[in-house]
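The values are calculated or read from the model by the stated rules, or taken from the named source; none is laboratory data. Values in this document were obtained by computation on a predicted structure and should not be read as measured data. Note that we place each Cβ from the backbone using ideal geometry, even for glycine, and neighbour counts take in every protein chain shown. Heads up: the accessible areas ignore ligands, DNA and RNA and are worked out on the full protein's heavy atoms, side chains in. Shrake-Rupley method; radii C 1.70, N 1.55, O 1.52, S 1.80 Å.
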Amino acid sequence: MPRVADRKQKIVAEFRRSEILAAATKVFGNKGFEATRMEDIAKAARLAKGTLYLYFNSKDAIYQATVRQALVELAALTEEQVRKESTIAGKIAAFLRVRVAFWDEQQSLYGVILSLSREGQHRKRSIAWQRETVLYLQSIFTEGAKSGEIPEQDFLGAAWAIMDTIRGSSERRIYTEGRSTEDDTKFLTEFLLRALQIKLP
């Protein structure tokens with residue numbers, strides 16, 4: 001069995017790593033990816049630069065871990081709300097509501113993700129991150145088809161279309177004076193339910 005000292009060291013390391021990612025989220029959001037330096041993240045996390053390198057070997061490694069942490073949190077929030085719904089219409093509404101609200105609260109980080117996702121070296125990684133959610137949506141559609149709530153169609157294409165729609169509405173709220181999250185969520189939900197021919201409860 002692990003010694004008490006080893007367990008304590010692991011807990012401290014995990015806590016320190018969480019602090020680094022929380023600091024990195026703020027720095028990336030405020031300065032953008034390109035302008036951010038390892039020194040900036042270390043300062044925000046109240047660490048020596050050398051200590052920072054004990055946990056991450058590059059700025060890109062910190063960025064990937066920061067985004068992954070946000071995605072894990074978002075996936076958990078989404079699953080929690082979707083499970084409360086008994087119909088596919090309710091599940092899609094919950095899915096949209098959670099994601100629109102989450103990225104609205106994380107606008108600075110989302111802006112960095114959007115800008116990097118357009119660059120060649122980051123594009124494939126961005127799509128890979130989205131694919132996990134797309135497959136989750138596809139599974140919701142498949143379940144709805146079995147219950148007769150949604151007609152058979154290209155569920156994979158429909159899932160990608162929903163992700164693209166959410167990204168577009170979130171981007172407009174970041175860079176322009178778009179509609180409120182409540183108005184956007186209401187419109188997107190009604191529009192997508194009609195487009196997918198989902199039966200309303």
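Taking the chain as a Gaussian network, Cα atoms linked when under 10 Å apart, which of Lys84, Lys59, Lys43 shows the biggest mean-square fluctuation?
Residue with maximal mean-square fluctuation among Lys84, Lys59, Lys43: Lys84.
Taking every Cα atom in region 152-201, find the radius of gyration and the maximum pairwise distance Dmax, and write them in Å.
Radius of gyration, then largest Cα-Cα span, for region 152-201: 12.2, 37 Å.
Quick one: how many lysine pairs does the chain have with C-alpha atoms less than 17 Å apart and a gap of 8 or more or different chains? Give me the count, please.
Step by step, the pairs that qualify in the chain add up to 11.
Answer rounded, prolate or oblate for region 24-77, using the Cα gyration tensor with square roots of eigenvalues a ≥ b ≥ c: rounded when a/c is under 1.5, else prolate when a/b is larger than b/c, else oblate.
Judged from the Cα gyration tensor, region 24-77 comes out prolate (a/c at least 1.5, a/b above b/c).
May I ask you to rank Asp184, Asp104 by accessible area, largest first, using a 1.4 Å probe over the protein chains only?
Result of the area sort, largest leading: Asp104, Asp184.
Treating only the Cβ atoms of Lys and Arg (+1) and Asp and Glu (-1) as charged, compute the dipole magnitude of region 27-180 about its Cα centre; round to the nearest 20 debye. Don't jump to the answer; show the numbers that get you there.
Details: 22 positive and 19 negative charges, 100 e Å.
So the dipole magnitude of region 27-180 works out to roughly 480 debye.
Which value, in Å² rounded to 10, gives the accessible area of Asp60 with a 1.4 Å probe and all protein chains present?
Taking all protein chains as shown, Asp60 has close to 50 Å².
Under the definition of Cα pairs under 8 Å and six or more residues apart, what whole-number percent is the relative contact order of the chain?
Working: 151 pairs, mean separation 40.6, N = 201.
RCO, the chain: 20 percent.
To the nearest whole percent, what portion of all C-alpha pairs in region 76-156 is separated by more than 22 angstrom?
Values: 1163 of 3240 pairs.
Distances greater than 22 Å cover 36 percent of the Cα pairs.
Can you send over the solvent-accessible area of Phe187, 1.4 Å probe, protein chains only, in Å² to the nearest 10?
Per-residue accessible area (Phe187): approximately 90 Å².
What ranking of Ile174, Ile20 comes out by heavy-atom accessible area, probe 1.4 Å, highest first?
The ordering from most to least exposed comes out as Ile174, Ile20.
Put Tyr110, Tyr136 in order of accessible area, largest first, 1.4 Å probe: what do you get?
From most exposed to least exposed: Tyr136, Tyr110.
Accessible area of the chain with a 1.4 Å probe: how many percent of it is carbon plus sulfur?
53 percent
With every protein chain left in place and a probe of 1.4 Å, what is the accessible surface of Glu80, to the nearest 10 Å²?
100 Å²
Probe of 1.4 angstrom, ligands and nucleic acids ignored: what's the accessible area per residue over region 71-188, in square angstrom?
52 Å²
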